[in-house]
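Please treat every number below as a calculation from the coordinates, not as lab data. On a predicted model such as this, the values are computed, not experimentally measured, just so you know. Cβ: placed from backbone, ideal geometry, glycine included. Neighbour counts: every protein chain shown.
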């Protein structure tokens, strides 16, 4: 007797979502910290809007995009930690004894991360709008923004899952957090790349894919419909997702180890 | 008929990358409907054997067939025939008991209308109906083990693997689990492969017992047959005066070979059996030696273990199970 793929994904997704929502310690920080950083940056770096060529009148408008990517970073950590816990407690072995497919296991597991990503993104957007942000791309832009934020969260979640499956420990996930954070801070999160005066930082930010994720979201807020920024944002987010899923699938095969 | 097949193992070996042979060439055969006890200390290779037989770990060498299917070539068929409660009750502390069963029934492909009824039946069966909607994180060890058992039974397996199912349980929970396992085997014909480090558990529950040590089976048979191999009872005398210990040991040596006993006791395996006890008492009295305690122990599985390995199972070195790949 074997269940259909959608049944497997659906039930694992429900489990992932239920357990995510039952852990406020996972949900609350990922909602609050990006908003706190947004509040600090938008008041502390307000003067940057006076730089010649700065692309927005309000620093809040400029900075909002970063919150979505920072929130996605929490998704990486949460998705990885949850999966690592399943490995350590033997829950993954229990699942391995059912007729479950590896792809269903991954998809179901990521569902919780995706839900959290969606919840975060909606909150960031609503808080931003309430604080005076006006999306240049309009209501349609909001939908596209949420779609891109969700894609980024899912991609980062897949990376977290891959890391968990490769290492099997929550500690490894936590240890990788600073590395991911370094990627965030060495990006165009605080300034447009063309206004960066330090050459090496501008070069790093230019080669850092995170810059394009932020710029994709930011473009919908401060520019309107910018095909190039959105193309790069969606393209790189998709590439991260594909890479994450491929790495997770390979690691899962090794981790399941069933004959 | 496939449904009547149990477990057949020939020359099974599992060696890890660090060179340790956790399972070192074991042969065993478990008949359908039998409760087979796999008894040994921590680190003996019990859990590794279970992981191989449940297809979660490939063997390094040898063959194993479970329910008529090869564990390497037909792993997916083995998994449909077996249920397993592994060493740690692998449960999600944030889900309720009912949610666990709902997930397990769905993953095993049980039709949606039947899931609710089966879930209710299993919760009732393991005595968790009232706690069904509580999060598992708040369950006691016994409740977790019972839920673990219910999850293993979801797809009505013909063969059940229980890896140290009663470790850490209180006596009441242990007895309840024994009753349930007995019911499964004797009323429903489920084959049970049970690992344990508890002598009493193997003695009470298992139809046959294999004793494993350092990855090898050192004895196998019914508990009664194994104990009969030892045959003679053990006599333990605790000297009333510590200074008399050597003298008492010398007297007892005339009645049987010395063996391990309780820490303060002098112990011998009586050559003449229980009938020799009277003569022992007379000899001690004649020598003017007083004892604080004199006990006659019928042979136990621990005696079997001691005879086969030179160590007492209860005092065997505790080594972690070596299951890292």
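On a 0 to 90 degree scale, rounded to 10, what angle separates helix A:59-89 from the longest Cα axis of chain A?
The angle comes out near 10 degrees.
For region B:149-245, give the share of DSSP beta bridges that are antiparallel, in percent and rounded to the nearest 5; count only bridges with both residues there. Mind showing how you got there, number by number?
Numbers: 5 of 10 bridges.
For region B:149-245, the DSSP antiparallel bridge percentage is about 50.
Hey, in the GNM for chain A with a 10 angstrom Cα cutoff, which one of A:152, A:217, A:87 fluctuates hardest?
For chain A, modelled as a Gaussian network with Cα springs under 10 Å, the answer is A:87.
Taking the Cα atoms of chain A, report the difference between the largest and smallest coordinate on each principal axis, in whole Å and largest first.
Answer, in whole Å and largest first: 65, 37, 33 Å.
Considering only A:165, A:116, A:25, give the residue with the highest GNM mean-square fluctuation for chain A, with springs between Cα atoms whenever their separation is below 10 Å.
Between A:165, A:116, A:25, it is A:25 that shows the largest mean-square fluctuation.
Among DSSP beta bridges whose residues both lie in chain B, state the antiparallel percentage, nearest 5. Write out the running numbers ahead of the final one.
On the way: 33 of 51 bridges.
So the antiparallel bridges amount to about 65 percent of the total.
Given the DSSP H assignment, sum -39500 (n - 2.57) over each helix run of at least 4 residues in the protein assembly as shown and divide by its residue total; what's the result at 222 nm in deg cm²/dmol, nearest 500? Could the numbers behind the result be given before it?
On the way: 21 runs with 316 residues, N = 584.
Helices in the protein assembly as shown give a 222 nm mean residue ellipticity of -17500 deg cm²/dmol.
Go ahead and collect, in residue order, the members of region A:236-250 whose backbone nitrogen is under 15 Å from a label point 7 Å along the Cα-Cβ direction of residue A:118.
Within reach of a label on residue A:118: no residues.
Using Cα centres only, tell me the gap between region A:186-227 and region A:63-104 in whole Å.
Their Cα centres are 28 Å away from one another.
Comparing A:13, A:239, A:139, which has the greatest mean-square fluctuation in the GNM of chain A with Cα pairs linked when under 10 Å apart?
A:139
How much space per residue, in cubic angstrom, does the convex hull of the C-alpha atoms of the protein assembly as shown take up? The partial results should precede the final answer.
Working: hull volume 115.9 nm³, N = 584.
Residue-normalised Cα hull volume stands at 199 Å³.
Please list the equivalent ellipsoid semi-axes of region A:104-161, computed as the square roots of five times the alpha-carbon gyration tensor eigenvalues, in descending order and whole angstrom.
Numbers: eigenvalues 134, 23, 13 Å².
Equivalent-ellipsoid dimensions as semi-axes: 26, 11, 8 Å.
Per-residue counts of other Cβ atoms within 10 Å, averaged by peptide: what ranking do you get for B:303-310, A:73-80, B:31-38, A:175-182, highest first? Don't jump to the answer; show the numbers that get you there.
Values: B:303-310: 20.0, A:73-80: 27.2, B:31-38: 21.6, A:175-182: 13.2.
The packing order, highest mean first, is A:73-80, B:31-38, B:303-310, A:175-182.
Compute the angle between helix A:138-167 and the longest alpha-carbon principal axis of chain A, please, reported from 0 to 90 degrees and rounded to the nearest 10.
Result, in degrees: 50.
At a Förster distance of 56 Å, what's the computed FRET efficiency of residue B:246 paired with residue A:179, Cβ-Cβ distance as r, to 0.05?
Details: r = 68 Å, r/R0 = 1.22.
For R0 = 56 Å, the calculated efficiency reads 0.25.
What is the mean number of Cβ atoms from other protein chains located within 10 Å of the Cβ atom of each residue in peptide A:87-95, rounded to a whole number? All intermediate terms of the calculation are to be shown ahead of the outcome.
Values: counts 0, 2, 6, 7, 6, 2, 9, 15, 4.
Whole-number average of other-chain Cβ neighbours for A:87-95 is 6.
Report, in whole Å, the centroid distance computed from the Cα atoms of region B:103-147 and region A:111-133.
Answer, in whole Å: 36.
In the protein assembly as shown, what percentage of the DSSP-assigned beta bridges are antiparallel, given to the nearest 5? Numbers along the way, then the final one.
Numbers: 33 of 51 bridges.
The antiparallel proportion sits near 65 percent.
Region B:152-198 to region B:4-26: how many Å between their Cα centroids?
23 Å
Relative contact order for region B:232-298: what is it in percent, counting Cα pairs under 8 Å that are at least 6 residues apart?
On the way: 115 pairs, mean separation 33.8, N = 67.
Result for region B:232-298 is 50 percent.
Between 0 and 90 degrees, rounded to the nearest ten: what's the tilt of helix B:171-188 against the longest Cα principal axis of chain B?
60 degrees
With 5 Å bins from zero, work out the P(r) of region B:232-298 over every alpha carbon pair and list the percent per bin.
Answer for region B:232-298: a P(r) of 4, 20, 36, 28, 11, 1 percent.
Counting only other chains, what is the mean number of Cβ atoms within 10 angstrom of the Cβ of each residue in peptide B:83-95?
Numbers: counts 1, 4, 1, 4, 2, 6, 3, 10, 4, 10, 5, 8, 6.
What the average comes to for B:83-95 is 5.
How long is the gain from residue B:18 to residue B:224 if the chain were fully straight, where each residue apart is worth 0.36 nm and the alpha carbon distance is subtracted?
Working: separation 206, 0.36 × 206 = 74.16 nm, distance 3.85 nm.
This chain segment gains 70.3 nm when fully extended.
Take peptide B:99-109, look around each residue's Cβ out to 10 angstrom, count Cβ atoms belonging to other protein chains, and average those counts. Before the final figure, lay out the partial values.
Values: counts 5, 3, 0, 3, 10, 5, 3, 11, 15, 7, 8.
Averaged over the peptide's residues, the number is 6.
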